Amino acid sequence: LPPSVSTPEIILAADAKIRRRLMRSLAANANFPGARITTLDGMRIDYSDGWGLVRSSSSEEALTFRFEGNDETSLARVQGVIRKAILEYVPDLALPF
């Protein structure tokens, strides 16, 4: 496999209301040009040089995030795209990435 840069699982405490609002808004308004979107368990956004995952935990009051990129630049770009989309729907959410 080619080398890549990835994050560990990032967990952010969030109550059910925020999690539902965010996941519904992302799914209904997914606007990630050039990406393939999978909504099997949360939302995974795949680009040719990296991917990001946002999901609502089923076992705890939290959102879970994971990111991977071909290099640090692509990793940061994917994180930025997803951060921007999340903050459109939950602007006061303190994202840890």
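The values are calculated or read from the model by the stated rules, or taken from the named source; none is laboratory data. This is a predicted model, so every value here is computed, not measured. We place every Cβ from the backbone using ideal geometry, glycine too, and count neighbours over all the protein chains shown.
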Query raised in the report: When only residues in region 29-57 that are under 12 Å from the mean Cα position of the chain (by Cα) and without any contact (Cβ under 8 Å) to a residue 12 or more places away in the chain count, which is nearest to SER4 (Cα to Cα)?
Result: ASP46
Query raised in the report: For region 58-90, what are the residues that are part of a loop (DSSP other than H, G, I, E, B) and loosely packed, with under 12 Cβ neighbours inside 10 Å?
Result: SER58, SER59, GLU60
Query raised in the report: How many residues does region 35-57 contain that are surrounded by fewer than 12 Cβ atoms within 10 Å (Cβ to Cβ) and either among the basic types (Lys, Arg) or modelled with pLDDT of 95 or more (or both)?
Result: 2
Query raised in the report: Hey, does region 8-24 have a residue that's exposed (fewer than 13 other Cβ atoms within 10 Å of the Cβ), under 12 Å from the mean Cα position of the chain (by Cα) and assigned to a helix (DSSP H, G or I)?
Result: no
Report summary line: Those residues of region 48-97 which are over 15 Å from LEU26 (Cβ atoms) and of a type in the set (Gly, Ala, Ser) amount to SER48, GLY50, SER57, SER58, SER59, ALA62, GLY69, SER74, ALA76, GLY80, ALA94
